[in-house]
Amino acid sequence: MAKKEVITLELDGREVRFSSPSKVFFSDHGWTKKDLLDYYLAVHDGIGHNLENRPTSMKRFPDGASGEFFFQKRVPKGAPEWIEQMTVQFPSGRNANYLLAQDRSHMAYALNLGVIDWNPWAVRNPDGDHPDELRIDLDPTPESSDWNDVRDVALCVREVLTDHELVGFPKTSGSRGIHIYVRIEQRWDFLGVRRAALALAREVERRMPGRATSKWWKEEREGVFLDYNQNARDRTIASAYSVRPNPDGLVSAPLEWEEVPDAELGDFRLDNMPRRLNEKGDPSAGLEENVGSLEALLELSERDEKEGLGDAPWPPHFAKQAGEPKRVAPSRAKKD
């Protein structure tokens, strides 16, 4: 039996064992596990502040981007003593000790386990109950929208945020859509942040009828879906600078707003993002200096509720919520 290839990395004053560095993780381009590591080390100035102190799910791909994957919420037993962790609570009442990807050594530890993209919570250690980010996820409905629509809806989201005294920072999802992050005061729990996200989604829908939608059920969607439920407790989105597990190694790339109208998903890859960061800087760098309040969006939510717009459906694994409509697709409800 061939001896397993292992290298030792010196990062942040620590030794990190890194196995199978030559293993191909992106077969179409021949990019290896070590190439992925080198990418994240090169963009650490960009990704670091997006991950620091955030509990992070480890989405593990033992056989590379085209292989099977699984989510590991808990840091494995036997992890080095220096690995920083944070215990968070789930809606079920259970908890888990999540990784805090604090620096390059922590990232290398997780990459060695087969992590490709990073999926942090919207909270910061030690407060696991009050998010500091409002996350807007724009997802095209394949039958009625495309990438052009996603970009247009993103620009409308910016207008709505500005009207409610908030600053958004866009990034490609690395898949089909756009994410927009808004740094917020840690005053509201997940219920409040989700409520604000729903109000925003409905306002964008009003401004772009037929092109944007807040409808949870796929059969009702027309246009780009604003997934308000990404702000529910324990939901995560791939972070800025995450390499996504697709054949071309597309990256969730932070953008300047001026870039949004002409941005193309294929422009941002594992092999060119370090150069972009070095030449253009980090478009997400201003997040920390633009902390806003949800009060205006929550006032909008209150007006919607007075006009008869109550809560909207939650993800299926959540307990039934007060004020939530029947959690069944409209076509099935009619049959019942």
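Bear in mind these aren't lab numbers, they're just calculated from the coordinates by the rules spelled out. Model, not experiment: these values are computed from the prediction. We place every Cβ from the backbone using ideal geometry, glycine too, and count neighbours over all the protein chains shown.
Quick notes
- Under 5 Å, built H, 5+ apart or other chain: amide partners of Arg124: Asp132
- Calculated FRET value between Ile7 and Trp257, using beta carbons and R₀ = 45 Å, to 0.05: 0.65
- Coil-residue GluC sites (Glu not before Pro) of region 139-238, DSSP, other Cβ within 10 Å capped at 16: Glu143, Glu165, Glu185, Glu222
- Whole-Å semi-axes of the ellipsoid equivalent to region 72-164 (Cα gyration tensor, √5λ, descending): 33, 18, 14
- Ellipsoid semi-axes in whole angstrom, largest first, where each is sqrt(5λ) of the Cα gyration tensor of region 155-298: 25, 19, 15
- For region 30-122, a Kirkwood hydrodynamic radius built from all Cα pairs, placed in the Stokes-Einstein relation at 4 °C and 1.567 mPa s, yields a translational diffusion coefficient of 95 µm²/s.
- Added length on full extension, which subtracts the Cα-Cα distance from 0.36 nm per residue, Arg327 to Leu113: 73.3 nm
- Asn272-Lys218 FRET efficiency (beta carbon distance; Förster radius 35 Å; 0.05 resolution): 0.55
- Here the Karplus relation 6.51 cos²θ - 1.76 cosθ + 1.60, evaluated at θ = phi - 60°, turns the backbone of region 163-177 into coupling constants of 5, 10, 6, 10, 10, x, 10, x, 8, 5, 7, x, 10, 10, x Hz, with x for every Gly and Pro.
- The residues packed around His106, meaning those with a beta-carbon under 12 Å from its beta-carbon, carry a net charge of -1 if Lys and Arg are +1 and Asp and Glu are -1.
- In this structure, the residue pairs whose Cα-Cα separation is over 24 Å, taken from Lys33/Lys59; Lys4/Lys77; Lys23/Lys171, are Lys23/Lys171.
- Computed from the Kirkwood radius of its Cα pairs, the Stokes-Einstein diffusion coefficient for the chain at 37 °C and 0.692 mPa s stands at 157 µm²/s.
- Gain on full extension, evaluated as 0.36 nm per residue between Arg17 and Asp163 minus their Cα-Cα distance, stands at 47.6 nm.
- Toward the positive end of the charge dipole of region 86-179, with +1 on the Cβ of Lys and Arg and -1 on the Cβ of Asp and Glu, the farthest Cα among Phe90, Asn125, Val115 is that of Val115.
- Couplings for region 263-279, taken from phi via the Karplus curve 6.51 cos²θ - 1.76 cosθ + 1.60 with θ = phi - 60°, read 5, 10, 4, x, 6, 10, 10, 3, 8, 10, 5, x, 5, 4, 4, 5, 7 Hz in order; Gly and Pro are left as x.
- Taking a point 7 Å out from the Cα of Ala79 in the direction of its Cβ, the residues of region 219-244 whose backbone N falls within less than 19 Å of it are 234-239.
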